[in-house]
Amino acid sequence: MEKTEISVNEYRVLDYIKDKKDVPEDSFNAGLDDRIKSSAVSYLEFKGLIDVNKDNYSTYSVSDEGRKYIDHGFPEERLYRLLMQKNKCTLEELKNDLGSDYKIAMANITRMGIKPVNGTLEFVEGPFLEEFKSRREALSGIENGDKIGDEMLEMFMHRGLVTRHRATRRIININEQGRAALAGYEQNDYLEVLTPEIISSGEWKNRKFRPYDLNSRVEQINGAGLHPLTYLIENVRKIFLEMGFTEMHGHFIEYTGWNMDMLFIPQDHPARDLQDTFYVNTGREFEFENPEILDMVKKVHEKGYGKYSGWDYKWSEDEARKLILRTHTTVNTVRYLYNHRDSPQFVFSIEKVFRHESVDWKHLSELYQIEGAVYGSNVNLSTLKWLLREFYSRLGFDNIRLIPSYYPYTEPSMDVAVDINGREVELGGSGIFRPEVTRPMGLRSPVLAFGLGLERLAMLYYGLNDIREIYNSDLDWLKNYKIKF
């Protein structure tokens with residue numbers, strides 16, 4: 001067998017693993033720092049002296065929210081303890097005691113058989129305190145590598161309490177060629193690392209440099225590239241431009257009059273609650289954009305339009321003048337059409353919206369919405385169905401479901417639904433604007449509208465099970481992400 005020359009660093013690695021099997025590269029140092037050791041392993045692999053397998057594994061970290069639950073208990077645990085103390089609590093009392101955790105607690109308490117009756121919750125005896133204790137212990141030990149059930153781990157991840165970090169390491173074994181090289185090793189005085197001290201002292205003049213093989217494999221260097229979400233945005237933009245649409249833009253901060261009232265959403269609608277909408281306080285006076293719409297909106301909300309009845313309540317201009325972080329980009333559509341009333345119009349936007357959501361595996365509080373509208377005399381519900389199927393088909397999704405739904409400003413209305421991780425997930429809403437929205441603006445033809453979630457689409461596009469993985473700084477995924485379709 002032909003002798004293969006090895007360096008002293010490569011010798012140290014071979015000598016360390018000669019009597020071992022399946023050695024993870026990160027489990028030893030052989031007297032070398034990590035950079036030099038990694039380089040030696042790469043050279044040995046290139047020379048065919050070791051066998052290398054890649055091990056993909058995951059580590060887990062507990063979020064700040066998770067640490068809060070470890071220290072103070074889960075929201076539903078705190079609610080349960082309050083009920084245990086008082087035996088009975090009104091929902092208002094629980095809101096005051098639990099604060100921002102109230103909605104999370106209520107969403108997770110029903111599985112214990114505790115349900116509100118006439119605005120009150122009553123204590124139900126059960127083994128729940130032990131369960132909460134076990135859950136907190138599991139959450140506390142997860143960073144130490146403690147094993148927990150898949151179902152509990154998934155629950156922690158869906159609630160944003162645990163983040164998964166994917167990694168890859170090399171598992172190495174010496175082979176027959178490596179043993180031969182180790183047996184025939186003759187120590188040399190090659191200079192392998194050039195340091196400032198060696199240069200300044202002149203020592204390098206009397207040393208032999210290690211020979212380099214210019215054909216050897218080196219670590220891949222990744223240049224700059226688009227974030228997966230940016231790539232998808234550009235793809236979506238290209239599809240709409242190819243279909244003849246015009247891109248429109250809006251504002252992050254909106255008036256409720258434009259964001260809600262112009263879309264015939266009543267002022268007492270739950271979507272306007274502080275629990276669902278971010279309100280903005282400027283501390284100074286500001287002008288309302290297109291103030292002429294206020295009288296128009298007031299009439300529609302109080303009296304309706306034509307044969308269509310309104311909401312029959314006292315409309316408030318002060319409420320319409322409030323500022324919010326926009327809750328949808330449908331406001332882009334209604335403002336654009338108000339300023340461009342000539343038919344036909346084909347418009348779209350891909351911009352951020354903000355909602356006071358509890359973040360979990362399919363919800364974010366800050367997300368992108370794909371907005372679109374078609375205004376024309378020859379369009380109808382069949383046109384809208386074709387448009388949605390055509391858009392998703394161009395992205396590779398041919399099995400979307402269009403199901404009846406309800407929105408205050410469209411009739412009829414449809415949701416776009418798919419299955420993600422074995423569950424039905426809504427990708428967005430659509431419909432035909434009601435006459436109460438279009439007629440007062442002077443639009444006489446039908447307006448087809450849709451608002452689709454970009455991040456949920458990205459879950460399908462990249463084969464993810466958790467919407468938060470899109471924004472995790474997983475460098476391996478960012479460098480090597482694959483499109484599922």
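The values are calculated or read from the model by the stated rules, or taken from the named source; none is laboratory data. Fair warning: this is a prediction, and the values are worked out from it, not measured in the lab. Here Cβ is always computed from backbone atoms with ideal geometry, including for glycine, and neighbour counts include all displayed protein chains. What goes into the accessible areas is simple: the full protein's heavy atoms, side chains included, and nothing from ligands, DNA or RNA. Shrake-Rupley method; radii C 1.70, N 1.55, O 1.52, S 1.80 Å.
See the values below:
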{"read-out": "Odd one out for LEU214 among (1) at pLDDT 95 or above; (2) aliphatic (A, V, I, L, M); (3) open to solvent by 40 Å² or more (accessible area, probe 1.4 Å)", "value": "(1)"}
{"read-out": "When residues of segment 404-425 are limited to those that are without any contact (Cβ under 8 Å) to a residue 24 or more places away in the chain and within 30 Å of LYS482 (Cβ to Cβ), the one surrounded by the most Cβ atoms within 10 Å (Cβ to Cβ)", "value": "ASP415"}
{"read-out": "GLY283 being surrounded by fewer than 14 Cβ atoms within 10 Å (Cβ to Cβ), more than 30 Å from the chain's Cα centre (by Cα) and part of a loop (DSSP other than H, G, I, E, B)", "value": "yes"}
{"read-out": "Segment 12-33: number of residues that are open to solvent by 40 Å² or more (accessible area, probe 1.4 Å) and in contact with a helix residue (DSSP H, G or I) (Cβ under 7 Å, 6 or more places away or on another chain)", "value": "4"}
{"read-out": "Scan of segment 121-155 for residues that are open to solvent by less than 80 Å² (accessible area, probe 1.4 Å), more than 30 Å from ASP22 (Cβ to Cβ) and outside any loop (DSSP other than H, G, I, E, B), ordered by number", "value": "LEU121, PHE128, LEU129, GLU131, PHE132, SER134, ARG135, ARG136, LEU139, SER140, MET155"}
{"read-out": "Selection from segment 7-50 of residues that are free of Cβ contacts under 8 Å to residues at least 24 places away in the same chain, among the small types (Gly, Ala, Ser) and part of a helix (DSSP H, G or I)", "value": "SER27, SER38"}
{"read-out": "Selection within segment 65-109 - more than 21 Å from ARG136 (Cβ to Cβ) and open to solvent by 10 Å² or more (accessible area, probe 1.4 Å)", "value": "LYS86, ASN87, LYS88, THR90, LEU91, GLU92, GLU93, LYS95, ASN96"}
{"read-out": "Filtered residues of segment 156-170 (kept if aliphatic (A, V, I, L, M), surrounded by 16 or more Cβ atoms within 10 Å (Cβ to Cβ) and over 11 Å from ASP360 (Cβ atoms))", "value": "VAL162"}
{"read-out": "Tally, over segment 313-334, of residues that are of a type in the set (D, E, K, R) and either assigned to a loop (DSSP other than H, G, I, E, B) or open to solvent by less than 10 Å² (accessible area, probe 1.4 Å) (or both)", "value": "4"}
{"read-out": "Single residue of ASP33, ASP64 found to be at pLDDT below 90 and under 35 Å from the mean Cα position of the chain (by Cα)", "value": "ASP64"}
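Yes/no per residue for (1) in contact with a strand residue (DSSP E or B) (Cβ under 8 Å, 6 or more places away or on another chain); (2) in a helix (DSSP H, G or I):
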| position | (1), (2) |
| --- | --- |
| TYR336 | yes, yes |
| SER343 | yes, no |
| TYR368 | yes, no |
| SER393 | no, yes |
